[in-house]
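Let me begin by presenting the structure, written as structure tokens, before commenting on it.
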Amino acid sequence: WFLCFLTFSVLLGLGSTVFLTYTKVLPPPSNLDYSFIQICTLNWTWNPPENVSSSCNLEYSSDIVIDESRFRVTDTFLNEEMRFKVRSECKYDNTSEPSRWVETSLLPKGIPGTAAVDLSCVWHNLEYMVCTWRPGENASSDTNYMLFYWFKCSNYSMQQGIFECIFNLSFPKVTSTYPAISILIRDDSEEIRPVCASKNPTTLVKPATPRRVTLSKINDEIYIEWSESDTFPENCLFYEVEYHNGDLDTAHIIKVIFHYLQLTDFFFFLYILSSRNIPMFLQFCFSGEKMDNTFYFVLIITIPLIVAVSTIILLVYLKRLKVLILPPIPDPREILKRMFGEQNEDAQVSKKLLGQLIC
């Protein structure tokens with residue numbers, strides 16, 4: 001049925017004319033419903049309105065998009081109420097009004113405050129993903145959270161109240177676009193509220209540490225080379241080399257797109273090799289030989305002086321050490337002389353005492 005509104009337009013002139021214009025209001029869609037097509041993706045469907053004129057190029061307006069299709073696909077979070085509404089419209093028709101909105105909602109299940117919180121995921125080197133989360137404030141200590149992506153994650157761990165799950169995630173190397181990944185965390189208990197999140201994997205990438213780093217010095221240049229990652233497409237990564245030229249408080253950063261670098265005019269380098277999204281990888285030290293003549297002059301004077309002083313100290317120490325380890329051996333003649341001299345003196349004293357007693 002069409003609802004009709006009567007509007008009047010009055011044109012005043014030589015003889016007044018009155019025009020009657022009827023504006024039609026379309027009937028709304030019917031049987032609005034939803035279904036899960038993936039773990040965190042909803043498909044909203046409805047039936048077209050009845051008794052619509054054949055001249056009406058029917059389309060549907062929703063919170064998402066306006067087009068002729070009778071469905072909408074949306075992501076859901078599951079831990080909060082989700083509302084959806086739709087109405088019918090006649091395209092390119094100014095004589096009809098859109099229908100009223102038809103609305104439905106998806107209510108969350110479980111006890112509020114039991115859903116997992118602070119979900120964070122990192123895609124390591126385009127090979128595997130690590131996701132961590134904390135239990136909800138109202139969740140019990142024995143809550144057994146489970147993570148689902150395209151499959152069920154099986155490699156779980158928990159440390160200091162933080163859950164972690166690691167699963168393999170890789171695509172062919174020739175892939176230029178990466179689909180979003182939906183992650184669902186729930187418990188078998190109906191009391192625990194589930195939570196869904198849609199992640200763009202390209203924003204979670206963390207390249208691995210460059211390996212097989214080699215340094216070589218040719219004349220007055222440092223040549224640095226490292227291995228490229230096998231999992232990334234060619235020229236996908238850029239690298240950073242951080243170095244200190246003498247002053248450790250002042251850092252210099254060089255960005256390169258190749259896997260090698262040449263540095264000149266250096267004295268002391270402390271550099272960090274890194275890829276995009278990685279704060280620090282490897283650290284090396286290297287000393288150069290390009291110094292001015294003043295340094296050489298000071299070095300020529302200082303080194304012999306240090307060697308001379310060290311030699312004198314060493315000789316004195318060795319002499320004292322020799323005395324302690326190998327003391328001088330006494331002369332046997334002196335020992336015998338002292339022994340016989342003491343015996344003669346004892347004999348003379350004995351004779352003198354004997355004479356005194358006889359007298």
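The values are calculated or read from the model by the stated rules, or taken from the named source; none is laboratory data. These numbers come from a predicted model, not from an experiment. When we count neighbours, we look across all protein chains shown, and the Cβ atoms used for this are built from the backbone with ideal geometry, even at glycine.
Listed values, structure above:
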{"quantity": "Unmet requirement for P49, which otherwise passes all of (1) under 16 Å from L106 (Cα atoms); (2) buried (at least 17 other Cβ atoms within 10 Å of the Cβ); (3) modelled with pLDDT of 85 or more", "calculated": "(1)"}
{"quantity": "Hey, W133 in the same structural domain as K199 (by TED's automatic domain parsing), in contact with a Lys or Arg (Cβ under 7 Å, 6 or more places away or on another chain), on the phi < 0 side of the Ramachandran plot and not in a loop (DSSP other than H, G, I, E, B) or not", "calculated": "no"}
{"quantity": "Residues of segment 93-111 classified as closer than 13 Å to P29 by Cβ and surrounded by fewer than 17 Cβ atoms within 10 Å (Cβ to Cβ), total", "calculated": "5"}
{"quantity": "Matching residues in segment 169-192 - criterion: being closer than 19 Å to W133 by Cβ, of a type outside the set (A, V, I, L, M, F, W, C) and out of contact with any Pro (no Cβ under 6 Å at 6 or more places or on another chain)", "calculated": "S182, D187, D188, S189, E191"}
{"quantity": "Lone qualifier among E225, E234, E240 - being surrounded by 12 or more Cβ atoms within 10 Å (Cβ to Cβ), modelled with pLDDT of 55 or more and out of contact with any Phe, Trp or Tyr (no Cβ under 6 Å at 6 or more places or on another chain)", "calculated": "E240"}
{"quantity": "Sole residue being of a type in the set (S, T, N, Q) and at pLDDT 90 or above, chosen from N138, N79", "calculated": "N138"}
{"quantity": "Neighbours by Cβ (under 9 Å, 6+ apart or cross-chain): first from segment 287-313, loosely packed, with under 10 Cβ neighbours inside 10 Å; second at pLDDT below 80 and outside any helix (DSSP H, G or I)", "calculated": "S287/F266; S287/F267; S287/F268; S287/F269; E289/K217; E289/D220; E289/F267"}
{"quantity": "Residues that are more than 21 Å from L126 (Cα to Cα), in the same structural domain as E164 (by TED's automatic domain parsing) and either surrounded by 18 or more Cβ atoms within 10 Å (Cβ to Cβ) or in contact with a helix residue (DSSP H, G or I) (Cβ under 7 Å, 6 or more places away or on another chain) (or both), drawn from segment 176-222", "calculated": "I185, R186, D187, I192, R193, P194, V195, C196"}
{"quantity": "Condition check for C90: modelled with pLDDT of 90 or more, part of a strand (DSSP E or B) and buried (at least 19 other Cβ atoms within 10 Å of the Cβ)", "calculated": "no"}
